[in-house]
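Some notes on the structure that comes next.
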Amino acid sequence: MSKFIFVMGGVISSLGKGIAVSSIGLLLKSMGYKISVIKLDPYINVDPGTMSPFQHGEVFVTEDGAETDLDLGHYERFVDKDMGKHSNTTSGQIYESVINKERKGIYLGKTVQVIPHITNEIIDNIRFLEKDCDIVIVEIGGTIGDIESLPFVEAVRQLRLEIGIENSMFVLLTYVPFVKAASEIKTKPTQHSVYKLREIGVQPDVLLCRSEKKFDDEIKSKIALFTNVVKKHVVNAYDVNNIYKVPQVFRNAGLHEIICKHFHLECKPMEMTVWDDFVERMNTAKEEITIAVCGKYVTHQDAYRSIEQSLIHAGAFHRVKLNIRWVDTEKSYKQKNLEKRLEGADAILVPGGFGMRGLEGKVQVVRYARKQKLPFFGICLGLQAAVIEFARHECNLKNANSTEFDEETKYPIIYLMEEHSYMEQYGGNMRLGAYPCELQEKSLAEQLYDEPLVFERHRHRWEFNNKFREKLEQKGMVVSGTSMNGLLAEIVEIPEHPFFIGVQFHPEFKSRPNRPHPLFTGFIEAAIKYSKEKR
Ligand code: GLN
């Protein structure tokens, strides 16, 4: 049987439960244990795919094509393991599955209820991950006290009864604020969260206490006394300036030892040199470059979480400090101040997106990058914007567009392939997950990847229209990566330009601190070169 760690959040949201879970995962993996992670999301949506990035942040796509919570991105980056559709379950999925079973008569005439039917379904989902793994880490979304996450907490309470204390551990992430007016650190919110949790039958074994500054032993004693958690298990998760330092904070606090002791597991020596080296590279970087990320959701950076992290990985690889400038293509377009916003940038990245808003601004950004010979990297809608711009301004295809934005366009350079019938059902029917992509010999893409065939994750409906390929190629934009049958264009580039590449997939989902993505390292290298030449 596996061991289970259940991580919950108290006091307030946004304390970084995903990072805490990922950091625990990294520590345990570094000792050689096999780890699985699952996020339980309390909302009714079946998956986050239909939610606006403004509300929910990025939708992280797994290798097997699941649209999941962005925390799975952190799990993959920290634990360095591909997650899959079984690593994210929502209330919507649980209810959908229970209702389907009820319709099929599987419950044999019984009244279907939250306890035991919903809770059993949750337990089955968690235990599914037990196969071939030593420790399963379960993140319960929401904050203790929310009614939405109650069935999840109830399920894990029951699960502990089934498997025993020595195989399960409850971890609560809380907040210990410093109240300026009183000049005092306050433990009361943490106490109350623990009381709230106890009301539903769960006594935490470990507290991870977030605080702005380190707190002293006395505070720890007080928290321990009032929450009934052994003092040694009260871990101060004080703020650090970089999420990748969190595992080091936990390691210094001996969290791995606490976990191993609780589970009667051997506390094996830890191998984290690659991680420490990565953090050290970020710390010691001196030279600074500016990357303009130009999109529609820039006011909500959660929407571009993986892109931001991929840039950070590549920046650390080249040991440069990154200044990421978020440029709103919707506003900039309206205010016609785009060039001003792009001034001083050493490279431009146009990320993916949906819908018309911001598209014309993106097209202008591409034009600027192309004309100024600024390194350009377009991702998904970024590729589509690049193709639209090139068609309009170089191939004389006036008003060329994607049919996503102009159904009547005379030049549908980006179009919907017939087999897509997405209008009938909105969620879960894009081109999703990993697909192979063959790279053209000697292309920029092939040089960067240094491989002829790669697998990259997709999340889109529209495709490049091959009818226009010849026209584009005549003018200098080449398709350098295609699907195996050659029918779908996956990568475009402009060989004349120092660095201009657009990809239909999302490479940002595959970048890891220890393995930065080659397209991102190439992009940052080009930005460094541009910045040097400018000086
Ligand atoms: N809206 C575009 C499509 O569906 C691009 C999607 C994206 O950027 N992820 O094809």
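The values are calculated or read from the model by the stated rules, or taken from the named source; none is laboratory data. This is a predicted model, so every value here is computed, not measured. Counting neighbours? That spans all protein chains shown, and the Cβs are built from the backbone with ideal geometry, glycine included. Note: accessible area is taken over every heavy atom of the protein model, side chains too, but ligands, DNA and RNA are not part of it. Shrake-Rupley method; radii C 1.70, N 1.55, O 1.52, S 1.80 Å.
Suppose the filter is open to solvent by less than 40 Å² (accessible area, probe 1.4 Å), aromatic (Phe, Trp, Tyr) and closer than 30 Å to ILE163 by Cβ; does PHE278 pass it? Quick ask: steps written out before the conclusion?
On the way: open to solvent by less than 40 Å² (accessible area, probe 1.4 Å): yes; aromatic (Phe, Trp, Tyr): yes; closer than 30 Å to ILE163 by Cβ: no.
Here the answer is no, as PHE278 does not meet what is asked.
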key: Identity of the residue in region 203-226, touching a Lys or Arg at 6+ places or on another chain (Cβ under 9 Å) and not in a strand (DSSP E or B), that ends up most open to solvent (accessible area, probe 1.4 Å)   = LEU225
note = Being in a loop (DSSP other than H, G, I, E, B) and modelled with pLDDT of 95 or more narrows THR174, THR190, THR143 down to just THR143
ask   = With respect to the numbered conditions (1) at pLDDT below 95; (2) farther than 23 Å from THR62 by Cα, which one is the sole condition not fulfilled by ALA391?
value = (1)
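Any residue in region 441-455 that is under 22 Å from GLY49 (Cα atoms) and at pLDDT 95 or above? It would help to see each step written out before you state the result.
Looking only at region 441-455, we keep the residues that are under 22 Å from GLY49 (Cα atoms), and these are 455.
Filter once more, so that each one left must be at pLDDT 95 or above: 455.
Yes: region 441-455 contains one or more residues that are under 22 Å from GLY49 (Cα atoms) and at pLDDT 95 or above.
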inquiry  = If a residue must be under 15 Å from the mean Cα position of the chain (by Cα), part of a helix (DSSP H, G or I), farther than 27 Å from VAL298 by Cβ and of a type in the set (Gly, Ala, Ser), how many such residues does region 52-104 contain?
reply    = 1
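I want to confirm something. Restricting to region 138-152 and keeping residues that are over 7 Å from PRO42 (Cβ atoms) and more than 23 Å from the chain's Cα centre (by Cα), which single residue is surrounded by the most Cβ atoms within 10 Å (Cβ to Cβ)? Please lay out each step first, then the result.
So the first thing to find is which residues in region 138-152 are over 7 Å from PRO42 (Cβ atoms), and the list is 138-140, 143-145, 147, 150-151.
From the residues that got through so far, the ones that are more than 23 Å from the chain's Cα centre (by Cα) too are 144-145, 147, 150-151.
On the way: ILE144: 25, GLY145: 15, ILE147: 8, LEU150: 16, PRO151: 20.
Looking at residues that are over 7 Å from PRO42 (Cβ atoms) and more than 23 Å from the chain's Cα centre (by Cα), I get ILE144.
Just to check your reading of the model, which residue among ALA386, ALA400 is over 30 Å from GLU533 (Cα atoms), within 16 Å of the ligand (Cβ to nearest atom), in contact with a strand residue (DSSP E or B) (Cβ under 6 Å, 6 or more places away or on another chain) and among the hydrophobic types (A, V, I, L, M, F, W, C)? Lay out the reasoning, then the answer.
Details: ALA386 fails: over 30 Å from GLU533 (Cα atoms).
Of the residues listed, the single one that is over 30 Å from GLU533 (Cα atoms), within 16 Å of the ligand (Cβ to nearest atom), in contact with a strand residue (DSSP E or B) (Cβ under 6 Å, 6 or more places away or on another chain) and among the hydrophobic types (A, V, I, L, M, F, W, C) is ALA400.
Confirm whether THR273 is within 30 Å of GLU257 (Cα to Cα), at pLDDT below 95 and over 18 Å from the mean Cα position of the chain (by Cα). Write out each step before concluding.
Details: within 30 Å of GLU257 (Cα to Cα): yes; at pLDDT below 95: no; over 18 Å from the mean Cα position of the chain (by Cα): yes.
Against the criterion (within 30 Å of GLU257 (Cα to Cα), at pLDDT below 95 and over 18 Å from the mean Cα position of the chain (by Cα)), THR273 does not qualify.
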inquiry  = When you scan region 308-325, do you find a residue that is within 16 Å of the ligand (Cβ to nearest atom), of a type outside the set (Asp, Glu) and more than 22 Å from ARG461 (Cβ to Cβ), even just one?
reply    = yes
inquiry  = For the condition within 16 Å of the ligand (Cβ to nearest atom), surrounded by fewer than 24 Cβ atoms within 10 Å (Cβ to Cβ) and under 17 Å from ILE307 (Cα atoms), what is the one hit in PHE377, PHE354?
reply    = PHE354
ask   = Mind checking which residues of region 403-417 are in contact with a helix residue (DSSP H, G or I) (Cβ under 6 Å, 6 or more places away or on another chain) and either assigned to a loop (DSSP other than H, G, I, E, B) or near the ligand (Cβ under 10 Å from one of its atoms) (or both)?
value = PHE405, ILE414
ask   = Of everything in region 18-51 that's open to solvent by 30 Å² or more (accessible area, probe 1.4 Å) and assigned to a helix (DSSP H, G or I), which residue is farthest from ILE123 (Cα to Cα)?
value = THR50
task = Looking only at region 175-188, decide whether some residue is open to solvent by 30 Å² or more (accessible area, probe 1.4 Å), out of contact with any Leu (no Cβ under 8 Å at 6 or more places or on another chain) and in contact (Cβ under 8 Å) with a residue 40 or more places away in the chain.
result = no
note = Subset of region 295-347, residues more than 25 Å from PHE78 (Cβ to Cβ), touching a strand residue (DSSP E or B) at 6+ places or on another chain (Cβ under 8 Å) and open to solvent by 50 Å² or more (accessible area, probe 1.4 Å), comes to THR299, ARG325, ARG341
ask   = Taking strands (runs of 3 or more DSSP E) that fall entirely within region 457-504, which contain at least 3 residues that are more than 16 Å from the ligand (Cβ to nearest atom)?
value = 478-482
